[in-house]
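J.: So that we are looking at the same thing, I have put the structure below in structure tokens.
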Amino acid sequence: MELEQAMMGRRSIRGYKSDPVPRELLEEIIALAGRAPSSMNTQPWHFHVLTGEPLERVRQGNSEKMLAGVPPQREISDHGSYEGVHRERQVEIAKQLFAAMGIAREDKEMRQDWVMRGFRQFDAPVSIVVTFDKSAGMHGTIAHFDLGAVTHGLVLAAWNRGLGTVINGQGIMQSPVVREVAQIPDDQVIMTCVALGWPNEDFPANTVQSTRRPVAETTRFIGFPE
């Protein structure tokens, strides 16, 4: 697949087949993602790849705590409530997904079920927990930028090999559960996770591709001829 094809075609996958993903394939994807740029070549990232019984324990612990009303326990600052155009874009993608899934606005039960799918990492057969070295995080948010780059590389490399992904902060919303099950060292900070697997082509939400702002709206060119 050409790079442009992968970037234009990639979309978030929220419904997966149960088929396992070979470890060798995951190693290839992570190796490619590791070519991402980082500040001063610090490469502060780590990947904790879960499947099978450990992943089920994370799903169960994450879901039980959220249903019990335990406040989210993330290790980075949450984004809080979006406002203005950012809130509008958040609502737009939610409307697209609910329309695809046939979830009515007044159907509280189905809306709750959709939320819980996120906490279960959309029942994907693999979850990749992305962390960074705590020492790198002592220098502000540059490590966060580096992890954004490597995670984008990860999802593109997966898509290039026929795998689907969704970057899923809900999956690590109860980070103590993830840390305990995955035995993540204390000198690492949990950033996010990526649900990964073979896309279920019959799952309606998998057809949804979010809109993107045009270059004219996001970009200024300074010093160029008119």
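J.: Residue check, LEU32 against (1) farther than 24 Å from VAL208 by Cβ; (2) surrounded by fewer than 17 Cβ atoms within 10 Å (Cβ to Cβ); (3) modelled with pLDDT under 95; (4) of a type in the set (A, V, I, L, M, F, W, C), all met but one. Which one?
T.: That leaves (3) as the condition not met.
J.: Looking only at the stretch 2-29, which residues are more than 22 Å from ARG213 (Cβ to Cβ) and small (Gly, Ala, Ser)?
T.: Hits for the stretch 2-29 are GLY15, SER18.
J.: Counting just the residues of the stretch 148-186 that are without any contact (Cβ under 8 Å) to a residue 40 or more places away in the chain and under 30 Å from LEU3 (Cβ atoms), which one comes out surrounded by the most Cβ atoms within 10 Å (Cβ to Cβ)?
T.: Checked the stretch 148-186; the qualifying residue surrounded by the most Cβ atoms within 10 Å (Cβ to Cβ) is GLY148.
J.: Given the conditions (1) modelled with pLDDT under 95; (2) in contact with a Phe, Trp or Tyr (Cβ under 6 Å, 6 or more places away or on another chain); (3) not in a helix (DSSP H, G or I), report the number of the one that GLN170 does not fulfil.
T.: Failed condition: (3).
J.: May I pose another question? Looking only at the stretch 196-226, which residues are assigned to a loop (DSSP other than H, G, I, E, B) and under 18 Å from SER127 (Cβ atoms)?
T.: TRP198, ASN200, PHE203
J.: Here's something else I'd like to know. Condition first: of a type in the set (Asp, Glu), without any contact (Cβ under 8 Å) to a residue 12 or more places away in the chain and within 20 Å of ARG161 (Cβ to Cβ). Can you find one or more residues in the stretch 48-61 that meet it?
T.: For the stretch 48-61, residues of a type in the set (Asp, Glu), without any contact (Cβ under 8 Å) to a residue 12 or more places away in the chain and within 20 Å of ARG161 (Cβ to Cβ): absent.
J.: Under 9 Å by Cβ, and 6 or more places apart or on different chains, what pairs join a residue from the stretch 91-116 that is touching a residue at least 40 places away in the same chain (Cβ under 8 Å) and over 22 Å from GLU201 (Cα atoms) with one that is assigned to a loop (DSSP other than H, G, I, E, B) and hydroxyl-bearing (Ser, Thr, Tyr)?
T.: Pairs found: GLU92/SER210; GLU92/THR211.
The values are calculated or read from the model by the stated rules, or taken from the named source; none is laboratory data. Note that the structure is a prediction, hence the values are computed from the model and not measured. In this analysis, Cβ positions are derived from the backbone assuming ideal geometry, glycine residues included, and neighbour counts consider all displayed protein chains.
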